[in-house]
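See structure below.
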Amino acid sequence: MSQTAQTVREDGIIASVSGPVVTARDLDARMNDVVYVGDEGLMGEVIEIEGDITTIQVYEETSGIGPGEPVENTGEPLTVDLGPGLLDTIYDGVQRPLDVLEDKMGSPYLDRGVDAPGIELDETWEFEPEVAEGDVVEPGDVVGVVEETVTIDHKVMVPPDSEGGEVVAVESGEFTVEETVVELDSGEEIRMRQEWPVREARPTVEKKTPRTPLVSGQRILDGLFPIAKGGTAAIPGPFGSGKTVTQHQLAKYADADIIVYVGCGERGNEMTEVIDDFPELEDPSTGNPLMARTSLIANTSNMPVAARESCVYTGITIAEFYRDMGYDVALMADSTSRWAEAMREISSRLEEMPGEEGYPAYLAARLSQFYERAGYFQNINGTEGSVSAIGAVSPPGGDFSEPVTQNTLRIVKTFWALDADLAERRHFPSINWNESYSLYREQLDPWFQEEVSEDWPEVRQWAVDVLDEETELQEIVQLVGKDALPEDQQLTLEVARYLREAYLQQNAFHPVDTYCPPEKTYLTLTTIKTFNDEAFDALDAGVPIEEVIDVDAAPQINRIGVQEDYEEFIEDLKSDLTEELRSLY
């Protein structure tokens, strides 16, 4: 909600309280209006109106409030403050900055009903105009630039709902976000701060087909299941399979300009890890602190459930704002299951007809509304920008047939299925290569062919075929043992082992292996293919399988990931493999 003084409309009175759901009598309100509930002024949102009874979901703990207390309506929907100061900040689900609230309280334990603006209203920013008097500006046009952090230049834009017009006054210098920086002939004053309703997508000209990958530095993702800039992905997996670590890796290393990380109902210690780690981490592309391009929204599992719903919308609205400036934004939502559970709880308290497994009938529609706001867009100011949405899903018991996973699957185009068995075998990232897929592969292949290597698709397809063959052979191996297989199939299993250990596995805690550029991903795969081709030639020449597998250079394949100067290492390794295997016949 906008934190400026609101014109409060007609008061109502609390009729009943059921957890986060409060009903009020005689309240003059519309759907999605923000209201303040009870003597403490708890923030809430109108979700149902029936006769003179208005139902409100409250974003704070409701214990202690009761019937007869007042309800004030602001007459405005839930909005977020947009402007310089969004980055390097940690918010709760309704965009209250947690560090500001802590200073206000003098304690990390927040009182109810406390409020603070989403961006600092008194802080001054150095404004550099990009328009002059006499220029005509339209909605979305950039009128100036502010250095928001060491990494990101914040572009001050004409609000999308403005009429535009001719610039009659513009100044450079230091301004707060509330002060006018550009004045138009219509009398409209443009400030650095904008407000936008969270449930409404910001306008664009056109949604385009994305052609550039969001390079993550994770071999299995970039190599086998890439996501596009402006794409959507889901990471479902049972407890302990590595969803959060995978999202952390993406937040740290994905080549997006801006990261918006939404911790939606996850455990507090996981959010603490993000909050502790990110300020100390270095952005691999710029060398600056990672927080300089990151906005965190923390809504942990012990926070009120209603705020979980809003935190996802708050995150995507902030992402769209930076997309309008022409940036590529990656949004991590961890996890959408907790968001769906909050919807289920609110829905059951409203006594709505439940759908599958008790989730509301509109679950699929809400998930679609969220993921559809991602994409690669032509903005109204002529720039192009993207929002990539990556949502973790936590199916109970790892059951991918449950409603949240299935409805998410129907919407997203990249599916990274995490596997508890792989996690137990300490194979990380524990992405199951047989169940995962990416529908972006073909449209991204030209980029990989141009930027990395012409034969990228062929080499990838070779790896997929070997792993598929291994899956089929494993069933036979479990019945009759590996030694009963023909020699060529035994060799296929050995090659697949190197694919699993040297290519698909990656150590998130090793300073070198934690990030693998696409060139290294490709060269790792071609090294394993060199071993495969030379070993099969040796086998065809009559060399026994034991001697082929036992060459000294082969185990060095598993060392590629941890090599900093990998190009020279790989070149030497390929020639050693070729030399040793050819010397056998």
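The values are calculated or read from the model by the stated rules, or taken from the named source; none is laboratory data. Please read these numbers as outputs of a predicted model, since none were measured by experiment. FYI the Cβ positions are ideal-geometry reconstructions off the backbone, even for glycines, and counts take in every protein chain you see. Areas reflect the complete protein model, heavy atoms only, side chains present, ligands, DNA and RNA absent. Shrake-Rupley method; radii C 1.70, N 1.55, O 1.52, S 1.80 Å.
So the values come out like this:
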quantity	calculated
Verdict on Ile318 being within 16 Å of Pro203 (Cα to Cα) and touching a strand residue (DSSP E or B) at 6+ places or on another chain (Cβ under 9 Å)	yes
Among residues of region 136-153, those that are open to solvent by 30 Å² or more (accessible area, probe 1.4 Å), in a loop (DSSP other than H, G, I, E, B) and either closer than 15 Å to Gly326 by Cβ or not aliphatic (A, V, I, L, M) (or both), counted	4
Residue pairs meeting the criteria (Cβ under 8 Å; at least 6 apart or on separate chains; first among the acidic types (Asp, Glu), in region 348-363; second modelled with pLDDT of 90 or more and in a loop (DSSP other than H, G, I, E, B))	Glu352/Ala361; Glu357/Glu402
Residue count for region 179-199, restricted to those that are within 22 Å of Gly85 (Cβ to Cβ) and open to solvent by 70 Å² or more (accessible area, probe 1.4 Å)	3
Selection status of Thr300, more than 22 Å from Phe400 (Cβ to Cβ), polar (S, T, N, Q), buried (at least 19 other Cβ atoms within 10 Å of the Cβ) and modelled with pLDDT under 90	yes
Single residue of region 42-68 satisfying the filter (open to solvent by less than 70 Å² (accessible area, probe 1.4 Å) and among the charged types (D, E, K, R)) that is nearest to Asn299 (Cα to Cα)	Glu60
Pairs with Cβ under 6 Å, 6+ apart, first in region 88-105 and open to solvent by less than 40 Å² (accessible area, probe 1.4 Å), second of a type in the set (Phe, Trp, Tyr) and not in a helix (DSSP H, G or I)	Val94/Tyr59; Pro97/Tyr91
Spans of strands (runs of 3 or more DSSP E) in region 154-202 with at least 2 residues in contact with a Ser or Thr (Cβ under 9 Å, 6 or more places away or on another chain) and more than 22 Å from Tyr313 (Cβ to Cβ)	165-170, 173-176, 180-184, 189-191
Unmet criterion (only one of (1) open to solvent by 70 Å² or more (accessible area, probe 1.4 Å); (2) at pLDDT 95 or above; (3) over 30 Å from Gln443 (Cβ atoms)) for Glu519	(3)
So Thr492, is it β-branched (Val, Ile, Thr) and surrounded by 17 or more Cβ atoms within 10 Å (Cβ to Cβ)	yes
Residue in region 234-250 that is of a type in the set (D, E, K, R), closer than 17 Å to Ala340 by Cβ and buried (at least 24 other Cβ atoms within 10 Å of the Cβ) present	yes
Failed criterion for Asn73 (all others in (1) touching a residue at least 24 places away in the same chain (Cβ under 8 Å); (2) within 30 Å of Val146 (Cα to Cα) hold)	(2)
Among (1) in contact with a Lys or Arg (Cβ under 9 Å, 6 or more places away or on another chain); (2) open to solvent by 10 Å² or more (accessible area, probe 1.4 Å); (3) among the polar types (S, T, N, Q), the one test that Asn288 misses	(1)
Residues within region 128-143 that are at negative phi and within 30 Å of the chain's Cα centre (by Cα), tallied	4
Selected residue (criterion: farthest from Glu76 (Cα to Cα)) from residues of region 200-217 that are surrounded by fewer than 17 Cβ atoms within 10 Å (Cβ to Cβ) and in contact with a Pro (Cβ under 9 Å, 6 or more places away or on another chain)	Arg211
Positions within region 572-585 being open to solvent by less than 40 Å² (accessible area, probe 1.4 Å) and either among the polar types (S, T, N, Q) or closer than 23 Å to Asp488 by Cβ (or both), in sequence order	Leu577, Thr578, Leu581
Within region 404-421, tally of residues that are over 30 Å from Ile258 (Cβ atoms) and in contact (Cβ under 8 Å) with a residue 60 or more places away in the chain	2
Any hit, region 456-468, residues being touching a residue at least 24 places away in the same chain (Cβ under 8 Å), of a type outside the set (A, V, I, L, M) and more than 21 Å from Glu494 (Cβ to Cβ)	yes
Odd one out for Phe569, checked against (1) within 37 Å of the chain's Cα centre (by Cα); (2) open to solvent by 70 Å² or more (accessible area, probe 1.4 Å); (3) more than 12 Å from Ala502 (Cβ to Cβ); (4) not aliphatic (A, V, I, L, M)	(2)
Options Thr246, Thr286; residue that is within 24 Å of Lys520 (Cα to Cα), of a type in the set (Val, Ile, Thr) and under 13 Å from the mean Cα position of the chain (by Cα)	Thr246
Residue list for region 343-401, filter: within 27 Å of Pro226 (Cα to Cα), in a loop (DSSP other than H, G, I, E, B) and hydrophobic (A, V, I, L, M, F, W, C)	Ala374, Phe400
Lone unmet requirement of (1) buried (at least 18 other Cβ atoms within 10 Å of the Cβ); (2) under 26 Å from Trp447 (Cα atoms); (3) hydrophobic (A, V, I, L, M, F, W, C) for Ala554	(2)
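For (1) farther than 26 Å from Asn288 by Cα; (2) in contact with a helix residue (DSSP H, G or I) (Cβ under 9 Å, 6 or more places away or on another chain), each residue gets a yes or a no:
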site: Glu133; (1), (2): yes, no
site: Glu174; (1), (2): no, no
site: Glu188; (1), (2): yes, no
site: Thr212; (1), (2): no, yes
